[in-house]
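The values are calculated or read from the model by the stated rules, or taken from the named source; none is laboratory data. Computed from a prediction, not measured in an experiment: that's the story for all the values here. Cβ coordinates were reconstructed from backbone atoms using ideal geometry, including for glycine residues, and neighbour counts include every protein chain displayed.
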Amino acid sequence: MNQPFPFASIRSQFPALTQQMNDLPVIFLDNPGGTQTPAAVIAAMSDYLAHDNANRGGPFATSQRSDAIIEEAHAAVADLLHATSPDEIIFGPNMTTLTFSISRALGRDWGPGDEIIVTRLDHDANITPWVMMAADRGVTVRWADFNPDDCTLDMEGLHGLLNERTRLLAVGYASNATGTINDVATLTRWAHEVGALIFVDAVQCAPHGPLDVQALGCDLLACSAYKFFGPHLGILYGRYDLLDRLTAYKVRPAKNKPPHKFETGTQNHEGIAGALAAVNYLAQLGQADAGSSGSRRQQLQAGMEAIQRYDQVLNAAILTEMEGLPGVTVHGITDPDRLHWRVPTVSFTVAGQHPAAIAAALAERGIFVWHGNYYALAVTERLGLEEQGGMVRVGAVHYNTLDEIARLGAALRQILHAPTH
């Protein structure tokens, strides 16, 4: 399945994809750090500022339209995440800020003798907020390790850390450094068996397949709109009963019910309008399979399943291009039979060459990738790569083509003076 989408139609919706360098189209493989946005998202944000810009709760037209857009955005993201209610969706500046906020709310009830678990495979935004809360409250932090050979979570070791004192397990759905997909459903079951909550960082997973918080059974899940073709905006899902009982750090006039009590201050209204448009864009991808009369939730499921299938094609293509490159080590799953346990986010190192030099050489050729630790500091430390500049990261999404992946491979062979395929 090489052409799951009408690529000409899809790519034409993303203005950024028309950029060129040296008479060649720019290739965006920096997507794990933030995807490009379709014109519909840009228009929604511009239209909001041009016609609907107002604060909430007023008796006048612009305020009422703002209320309607923001309420619809909550409903749209609830559809995307398969939440039971729009009131389980919280918007904020970014995932990191939301995680710091919810960690403080949860930590009010914890103290000495309580334990939390974080993993070395996670982005630091799902580590440091919990570690700092634990330091404030006298809570013990347990660290779950991962296997350096394939960068998969040490499930047996993590299971052994869970006990009746565990209050929270913080884990990523997919690693932003190595692409590893974790078995969150099993981890949720294990956490709940000892009475613990589970917080899932789904930022890296969100653009790559369906998310279903009900099927996972997780208590809290965070993602970012700018990673799934929207604006810079953070999103937090929480079970309503949990959010309702928590004490939020908020001003007195703010409402006392979810999600409002956690959406502190005036929100980024134009960003929320853009997030709504991004979700509707993803639903559009599934209209052919779900039917135009299908619900948005059904269309989102179909669209994200199509993306997930194409991800496997991208995964295989990227790893094929990496094969045989001199001095190249891919850090993560490379077994063709296990690619369903990774997203097409591939990090690698080149013996004797600094990751920054490789990324710069690719940038000169119009291929945009990241280097460093991508805030997954625990990963590069565990792999012994932090002092060497981290890794080079390539990340594809559904608007990337196999021709672009082939051009990446050709550029790497040129940079590394390797023979052509």
Inside region 149-171, the number of residues satisfying the requirement of being closer than 21 Å to residue 340 by Cβ, out of contact with any helix residue (DSSP H, G or I) (no Cβ under 6 Å at 6 or more places or on another chain) and not acidic (Asp, Glu) is 5
Residues being within 28 Å of residue 202 (Cβ to Cβ) and in a loop (DSSP other than H, G, I, E, B): count how many of those fall in region 27-73.
-> 7
Which one is nearest to residue 92 (Cα to Cα), of the residues in region 41-64 that are surrounded by fewer than 16 Cβ atoms within 10 Å (Cβ to Cβ) and in contact with a helix residue (DSSP H, G or I) (Cβ under 6 Å, 6 or more places away or on another chain)?
-> 56
Taking residue 307 as the residue in question, decide whether it is under 24 Å from the mean Cα position of the chain (by Cα), under 30 Å from residue 72 (Cα atoms), outside the structural domain of residue 185 (by TED's automatic domain parsing) and modelled with pLDDT of 95 or more.
-> yes
Pairs, first at positive phi in region 346-370, second outside any loop (DSSP other than H, G, I, E, B), C-beta under 7 Å, six or more apart = 366/21; 366/24; 366/27
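Can you work out which of the residues in region 101-140 that are among the acidic types (Asp, Glu) and over 21 Å from residue 375 (Cα atoms) is surrounded by the most Cβ atoms within 10 Å (Cβ to Cβ)?
115
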Restricting the search to region 47-77, which residues are under 25 Å from the mean Cα position of the chain (by Cα) and in contact (Cβ under 8 Å) with a residue 40 or more places away in the chain?
-> 69, 70, 72, 73, 74, 76, 77
Can you tell me which residue in region 386-410 is farthest from the chain's Cα centre (by Cα), limited to those that are aliphatic (A, V, I, L, M) and surrounded by fewer than 20 Cβ atoms within 10 Å (Cβ to Cβ)?
-> 410
